[in-house]
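Everything on this sheet refers to the single structure shown next.
The values are calculated or read from the model by the stated rules, or taken from the named source; none is laboratory data. Keep in mind that this is a model prediction, so the values were computed, not measured. Counting neighbours? That spans all protein chains shown, and the Cβs are built from the backbone with ideal geometry, glycine included. Each accessible area value is taken on the protein alone, full model and side chains, heavy atoms only, with ligands, DNA and RNA left out. Shrake-Rupley method; radii C 1.70, N 1.55, O 1.52, S 1.80 Å.
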Amino acid sequence: MKLSVKKRGNSLSVIIPKEMAISMNVEDGDILFATKTPSGYEISACNPNFVKKIEAARRGMKKYRNALIELAK
């Protein structure tokens, strides 16, 4: 899908087509994240640092499941 680049003051902005915004579930004012990849950049509505932290938390919850159950009592 083609994206348009427009100059806004000293910055450049990218225009996201309506179909792409709907499929990414983003609206006006939302924050997108750009992650550098070997082939360029990936734009996502999901914070990659948050995903890493959630994955680490899930591993910890799985490893210490019994202890967490006891703590919840």
> How far is it, in nm, from the label point at Ser13 to the one at Tyr64 when both lie 7 Å from their Cα along the line to the Cβ?
Replying inline: 4.5 nm
> Could you give the accessible area per residue of the chain, probe 1.4 Å, as a whole number in Å²?
Replying inline: 95 Å²
> Reachable lysines from Lys7, Cα under 27 Å, same-chain residues fewer than 8 places away excluded?
Replying inline: Lys18, Lys36
> segment 24-60: which GluC sites (Glu not before Pro) are DSSP loop and have at most 12 other beta-carbon atoms within 10 angstrom?
Replying inline: Glu27
>> If I take every Cα pair under 8 Å that is 6 or more residues apart in the chain, average their sequence separation and divide by the length, what percent do I get for the relative contact order?
In response: 15 percent
> In whole Å, what three semi-axes, largest first, describe the equivalent ellipsoid of the chain built from its Cα gyration tensor (square root of 5 times each eigenvalue)?
Replying inline: 38, 14, 11
>> Let's test the formula: R0 of 22 Å, r as the Cβ-Cβ distance of Leu3 and Asn47. What FRET efficiency results, to the nearest 0.05?
In response: 0.60
> If you put +1 on each Lys and Arg Cβ and -1 on each Asp and Glu Cβ, how big is the dipole of the chain around its Cα centre, in Debye rounded to 20?
Replying inline: 360 debye
>> Ignoring ligands, DNA and RNA, please state the percent of accessible area on the chain from carbon and sulfur, probe 1.4 Å.
In response: 56 percent
>> If the reach is capped at under 20 angstrom between alpha carbons, list the aspartates and glutamates near Lys2, excluding any in the same chain fewer than eight residues apart.
In response: Glu19, Glu27, Asp28, Glu42
